[in-house]
Every structure is written in C-alpha cells, then in structure tokens.
Amino acid sequence: MTISRRSLAHMLAAAGVLAHPGLARAQAQDGPETNEPASRVAVTRDKATRLVAPVLINGQGPFDFLVDTGANRSCISKGLADDLGLLPGPMVSIRTMVGSHPRPTAQVDKLEIAGRNQRHVSIPVLPMPSQDSRGVLGVDWLKSRRLVLDFKGKGLEISPSRRETSSPNRVVVPARRRSGQLTMVDADMSGAPLTAMIDSGSQVSIGNAALRQLLGRADAGHQHVEPVELTSLVGEKFQGEMGYLPFLRLGGLTLGNVPVVFADASIFRLWDLSTLPSIILGVDLLAQFDAVALDFGRSTVRFDIA
C-alpha cells in the first residue's frame, strides 16, 4: 500500500521523538528452542521505502520480493509468472486492503530465500503494476520462526524462536497470533487500550474507524485531519484521512505525535478488529527503529531503539 511522497514527507516531519523505554509489562509464554542455524540476506528498499529481498524461483533469479508481514500468504506478480512459464493452479481468494478477490495460482517447484526453501508451492498470482518488486513474501513461510527486519544493517534474518527480554535499548512486547499475524496486546493511546499489528508491506500506518472515534474523544475534536488517497499493492485506490496520535504506547515503549492514516480498510474486518480501536504499523514508523523482530514461535515483537 502506498501514499504520495509529499503526504508521507509531511507526516514523518511531524513525528515525535521516541521516549526512553521501560520494561514491557508482560512477557509471552516460552516456546520451543532448536539448534537450527540463523540465516541472513541483504535487502534493499523500494520507492515506497519498504524492504525488498532477493528470492529464487525454481533456481532462477534472484527476483525482488516485497517483505510483507501483513500478508499471510506469499504471492508472485503475473509478469514474473508469465516470464517463467509457470503452470497454472487452482483459484484462491486473496484479500487486500480494499477487499477480497479470486485469483489464479501458479505452480512453483522451489521457492528459496536466504538459503531456506519451500517445495511444490501453489502461489497466488497478482496483477502488481509496480516494477519495484516481482512478488510478495508473506508470513506463511516463517511458521514458528523469528523474523528480524534489520533497518540499520539493511538485512533480513530468519532464525529459530528464542526467549528475549527488554533492556535499555531494546523493548519486547507480548503478542498473540491472529489469522497468522502477530497482534500486540499490551498497547494503548493516551491510556485507552488498542490493538497494534506489524505490516512491513504498508508504506504508512493505518488506523480503523474505532481508533478515529477514540482520537476524537481524547482530543476533544481539536485533531486536524487531511484527506489522502492510497493505493493498494494491486493498484486499487481508496481514501483515507491523515492525522496524528498524541501518544502511542507499545509495551514499555512510548511514541509521541504518531502519523496515521484512518481508512475503512477491509483487512480490519478480516482480523475481527472493526469495533476495537486498532492500528496497523507501517514501514514509515518501523524504519525509525534499528530493527524490529517478530517471533512467531513465542508470540513477541522486539523493537531495537535507534
């Protein structure tokens, strides 16, 4: 999902400085540990500043795939599927920010990233108009592993789940699994509880209508919003309102004046979050940290303070 560069620059210029973190209020339950080695690969950034990683398809490539923790299934662009002559597969339903769409799949014998691979994959085919990336890496290939988005080191790391605790330059926030995603449960805006999710495939942070109403009550109607147009990964246009959250707490981490676009995105209904104040944290906010680690085995999110 993208927004105009002018609107994004305006949002980031007004963002507050990160406060000194304290300890998270709770830790997630322990999960299994293994001796599986960690693997790492260098990443680049697309025009929307999102992380792009090299992927091999049937031994060919590498091809640039968008790293999208908001997608529960990896996808390939129609252009790349045609170029590789991939055999067609059954139709599946794919949900974007705007709605649900039937899409064909393509048969991939081997999909490889950072030395890890999946075999015999039926991967959905998307009409991706941007040439910045040739596909999407969702969270389906992570299973119970840990994904580190290293913004400072320009890398992506996949490793076994492991126990981590908060420290002066690192905050670990408990979460729970919801539709394959990690939902942070220890979060609030100015004292009012909310739900926060990590979406590295979104250029900006997105808030739902319930969060917009909560902000209106907390700010006594003084909050100024500006209409903006957004574009989904497959080129769909939809409208939103750009505003700012005065304070956002994620575990022991406190952020001030957080830019957010309020939109009636169908993804909130998919995650059963329509009536609960909720925010999808996009790469505009994530990239202000040195690194963000999502542990799908222990259900935690770790923020490394820049």
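The values are calculated or read from the model by the stated rules, or taken from the named source; none is laboratory data. As the structure is a prediction and not an experimental result, all values here were calculated from the model. Neighbour counts run over all protein chains shown; Cβ positions are idealised from the backbone, glycine included. These area figures cover heavy atoms from the full protein model, side chains too; ligands, DNA and RNA do not enter into them. Shrake-Rupley method; radii C 1.70, N 1.55, O 1.52, S 1.80 Å.
A few notes on this one:
- Part-to-part distance (alpha-carbon centres) for segment 159-190 and segment 93-154, which is given in Å: 23 Å
- Rounded to 0.05, the FRET efficiency of the T275 and R103 pair, given R0 = 22 Å and the Cβ-Cβ distance, is 0.15.
- N257 paired with R40, simple spin-label distance in nm, labels 7 Å along Cα-to-beta-carbon: 3.5 nm
- Equivalent ellipsoid of segment 147-274: semi-axes from √(5λ) of the C-alpha gyration tensor, largest first, are 26, 19, 15 Å.
- The chain - percent of accessible surface contributed by carbon and sulfur, probe 1.4 Å: 51 percent
- According to the calculation over all Cα-Cα pairs in segment 171-240, the P(r) per 5 Å bin from zero is 3, 12, 19, 21, 20, 15, 9, 1 %.
- Computed with a 1.4 Å probe over protein heavy atoms only, the accessible surface of segment 112-177 comes to 45 Å² per residue.
- Segment 192-257 and segment 65-79 have Cα centres spaced 23 Å apart.
- When the Cα atoms of the chain are aligned to their principal axes, the ranges along those axes come out at 57, 44, 31 Å in descending order.
- Theoretical gain in end-to-end length, E226 to D83 [0.36 nm per residue, Cα-Cα removed]: 47.3 nm
- Taking each DSSP H run with n ≥ 4 as -39500 (n - 2.57) and averaging over every residue of the chain yields -3000 deg cm²/dmol at 222 nm.
- All C-alpha to C-alpha distances of segment 39-86, sorted into 5 Å bins beginning at zero, yield P(r) values of 5, 17, 26, 27, 18, 6, 0 percent in whole numbers.
- Convex hull volume per residue for segment 109-218, taking Cα atoms only, in Å³: 175 Å³
- Label-point gap, in nm, between A306 and N72 - each point 7 angstrom along Cα→Cβ: 3.2 nm
- Under 12 Å, Cβ to Cβ, from L230 - net charge with Lys/Arg +1 and Asp/Glu -1: -3
- Distance between modelled label sites at S144 and E241, nm, 7 Å Cα→Cβ extension: 4.4 nm
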